[in-house]
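See below for the structure under consideration.
The values are calculated or read from the model by the stated rules, or taken from the named source; none is laboratory data. This is a predicted model, so every value here is computed, not measured. Neighbour counts run over all protein chains shown; Cβ positions are idealised from the backbone, glycine included.
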């Protein structure tokens, strides 16, 4: 809806980061279609105790990709929440 999705845009958290509010110690569970727990931007912040695969009814939230590759939304959402800061990769700079 008119949001700037170009490289270098942010989700309006820069002022919060400037105040050194990082979310350290906060645990968030994303209930979605799968999570690439070994994604380079998520691996450091992944918490297995807060994870469950409701599609496969097991403890491994890895997506089960199909030909249409539609099972990736959870990884994108988790990246907005817990991507590694300052690594100049993917979502955060």
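Tabulated values for the structure
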| read-out | value |
| --- | --- |
| When residues of segment 66-93 are limited to those that are closer than 15 Å to residue 38 by Cα and part of a loop (DSSP other than H, G, I, E, B), the one modelled with the lowest pLDDT | 90 |
| Complete set of residues in segment 36-57 that are assigned to a loop (DSSP other than H, G, I, E, B) and either in contact (Cβ under 8 Å) with a residue 40 or more places away in the chain or surrounded by 12 or more Cβ atoms within 10 Å (Cβ to Cβ) (or both) | 36, 37, 39, 40, 41, 42, 46, 51, 52, 55, 56 |
| Complete set of residues in segment 23-35 that are under 17 Å from residue 79 (Cβ atoms) and either exposed (fewer than 11 other Cβ atoms within 10 Å of the Cβ) or touching a strand residue (DSSP E or B) at 6+ places or on another chain (Cβ under 7 Å) (or both) | 26, 27, 31 |
